[in-house]
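In what follows, a single structure is set out as structure tokens and then discussed.
The values are calculated or read from the model by the stated rules, or taken from the named source; none is laboratory data. Computed from a predicted model, the values in this text were never measured in an experiment. No Cβ is skipped: glycine too gets one built from the backbone with ideal geometry, and neighbour counts run over all protein chains shown.
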Amino acid sequence: MALLEMAGVSKAFPGVLALDSVSFSVDRGEIRALMGENGAGKSTLIKVLTGVYASGSGTVLLDGVSIAPRSPAHAQELGVSTVYQEVNLVPNLSVAENVCLGYEPRTFGKINWRKVNERARRAMSRLNIDIDVTRSLTDFSTAVQQLVAIARAVDREAKVLVLDEPTSSLDKIEVERLFTLMRKLRGDGMAIVFVTHFLEQVYSVADSVTVLRNGVKVGDWAVTELPRQKLVAQMLGRDLDEVPHVDHREAIGTDVLVTVESLGRKNAMEPISFDVRRGETLGLSGLLGSGRTETMKMLSGANPADSGVISVSGIGTRGSRLRPRSPRDSIRLGIGLCPEDRKSEGVCPGLSVSENLLLVLQARRGWLRVIRKKQADKIVSEQIERLRITTPDTRRPIENLSGGNQQKVLLCRWLVAEPTLLLLDEPTRGIDVGNKLEIRKLITDLAKKGMSFVFSSAELEEVVNTCDRVVVLRDRRKVGELKGAEVTEQNVMARIAEGEA
Ligand SMILES: Nc1ncnc2c1ncn2[C@@H]1O[C@H](COP(=O)(O)OP(=O)(O)OP(=O)(O)O)[C@@H](O)[C@H]1O
Ligand SMILES: [Mg+2]
């Protein structure tokens with residue numbers, strides 16, 4: 001019998017049967033990938049397993065004993081340790097406090113801070129991350145925060161480790177470090193459940209795969225028995241369309257839309273210069289911490305630059321050349337940012353799907369000119385269809401959507417506001433393979449119609465196949481720019497590696 005056995009698990013939400021009598025198992029020393037489109041039920045299965053939701057029906061056996069976790073803490077006590085998709089940490093506490101929260105080493109009943117820090121340092125170093133663990137979590141990037149959540153889960157003595165999209169903001173190097181750790185834990189006999197949308201990761205680390213589609217289990221396979229194409233077909237219930245390819249036009253439009261001149265921020269980003277043409281998708285590529293998000297945030301005014309200036313052509317002479325000091329400044333120039341961290345900077349919890357989607361459009365029109373209901377409904381239903389957002393009702397709170405579907409709403413939020421330049425920081429984070437291609441097609445189509453984009457992704461393949469030109473960053477400065485036929489994965493990698501201008 002497998003170490004963990006779930007049988008006949010169902011879970012219904014108003015209007016959705018998220019899990020329909022699903023069975024799922026994972027054994028000692030096994031890494032099982034849990035796969036499926038956005039909204040297929042992966043996170044729900046995990047939340048039932050770990051006591052976030054009471055299941056509607058079904059049984060969970062751990063080591064042959066029936067368990068019914070009442071909460072994640074209870075699941076933890078029973079031996080199931082979890083990293084949730086929406087990282088659940090406390091921003092204002094230090095890294096060390098987050099790693100040890102609820103399990104702080106104590107001496108005579110008092111928290112022993114030296115030990116807390118020591119233990120956190122050790123947990124992080126298992127992932128090869130060397131940071132000052134006494135600093136506040138908010139000082140670090142989304143990726144580091146994700147690694148802290150992983151370190152926290154791994155630090156617990158667990159029989160089962162559950163990882164829901166742990167790699168969504170990590171780059172290749174960190175992913176490899178995590179995999180090394182996962183393989184070691186597997187060797188120690190741990191059962192690992194791994195949710196990811198990256199197919200190559202499944203083939204590199206998992207032993208077996210379970211696929212869900214629309215809340216129903218499609219099947220279980222050993223990785224070696226399931227070729228990529230078949231895996232995709234099982235997830236989508238159809239074959240995947242051809243991958244769109246950018247024909248890296250030698251002559252990209254000469255019509256310069258935005259000129260960025262020496263935009264910099266002390267201790268964060270060396271002054272950087274580049275331009276964006278009309279109808280172009282400009283890529284930002286670089287490893288984690290290379291300055292991609294920093295560049296986006298300077299352009300969007302979210303983290304204002306302290307040197308340099310940007311000019312936008314074609315919107316009159318006044319105000320078209322400035323250094324944005326706030327998002328409002330940038331929005332006035334027609335520049336919008338779809339941020340990488342959807343939980344803390346993107347989604348407005350408590351507001352409905354439709355309110356979230358219309359937020360920017362409404363803000364641009366001014367709050368006094370409320371969008372009429374009929375028009376709003378039309379816009380929302382068009383977008384829902386265009387990006388295949390799965391939701392039973394757009395008046396429901398956005399938190400009820402699956403992670404990938406929330407991400408799609410954030411993207412639509414800006415698309416409907418039709419900015420001149422849209423900054424997309426990891427726009428396909430958490431999006432499944434099929435929808436990823438749809439989004440890529442959408443960006444390419446909009447660019448053809450004259451909209452401009454700056455596109456950043458940790459996935460090199462995606463940058464190379466979406467962008468006309470690519471600016472390469474390394475150690476918080478620009479180290480190269482590739483255009484036309486030069487835009488290849490090899491060239492980008494080479495620039496990152498050599499780091500010369
Ligand atoms: N708290 C909730 N309230 C209402 N509906 C929910 C809730 N949580 C999930 N759902 C619905 O259940 C279905 C499954 O969602 P789930 O989050 O499990 O998908 P997922 O496979 O993890 O997708 P993703 O890849 O986007 O993370 C979706 O239709 C979602 O809208
Ligand atoms: Mg999910």
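Numbers for the structure displayed
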| quantity | calculated |
| --- | --- |
| Positions within the stretch 392-416 being of a type outside the set (S, T, N, Q), closer than 26 Å to LEU446 by Cα and away from ligand 2 (no atom under 15 Å from the Cβ), in sequence order | LEU410, LEU411, CYS412, ARG413, TRP414, LEU415, VAL416 |
| Close pairs (7 angstrom Cβ cut-off, 6 or more residues apart or separate chains): without any contact (Cβ under 8 Å) to a residue 24 or more places away in the chain and surrounded by 10 or more Cβ atoms within 10 Å (Cβ to Cβ) in the stretch 107-124, part of a helix (DSSP H, G or I) and not acidic (Asp, Glu) anywhere | VAL116/ALA96; VAL116/CYS100; ASN117/ALA96 |
| Any hit, the stretch 88-110, residues being within 26 Å of GLU200 (Cβ to Cβ) and in the same structural domain as ASP220 (by TED's automatic domain parsing) | no |
| Count - residues of the stretch 321-358 that are surrounded by 19 or more Cβ atoms within 10 Å (Cβ to Cβ), in a loop (DSSP other than H, G, I, E, B) and in contact with a strand residue (DSSP E or B) (Cβ under 6 Å, 6 or more places away or on another chain) | 3 |
| Test result for VAL116, farther than 22 Å from PRO339 by Cβ and touching a helix residue (DSSP H, G or I) at 6+ places or on another chain (Cβ under 7 Å) | yes |
| The stretch 49-75, subset out of contact with any helix residue (DSSP H, G or I) (no Cβ under 9 Å at 6 or more places or on another chain) and touching a residue at least 40 places away in the same chain (Cβ under 8 Å), residue nearest to ligand 2 (Cβ to nearest atom) | SER57 |
| Meets criteria (in contact (Cβ under 8 Å) with a residue 60 or more places away in the chain and part of a loop (DSSP other than H, G, I, E, B)) for ARG440 | no |
| Residue that is nearest to LEU287 (Cα to Cα), among those in the stretch 449-483 that are among the charged types (D, E, K, R) and in a strand (DSSP E or B) | ARG474 |
| Filter pass, PHE24 being of a type in the set (Phe, Trp, Tyr) and closer than 19 Å to THR196 by Cβ | yes |
| Residue among VAL470, VAL487 that is modelled with pLDDT of 90 or more, surrounded by 23 or more Cβ atoms within 10 Å (Cβ to Cβ) and either away from ligand 1 (no atom under 14 Å from the Cβ) or within 20 Å of the chain's Cα centre (by Cα) (or both) | VAL470 |
| Residues satisfying the stated conditions in the stretch 367-396, i.e. closer than 20 Å to VAL52 by Cβ and more than 8 Å from ligand 1 (Cβ to nearest atom) | none |
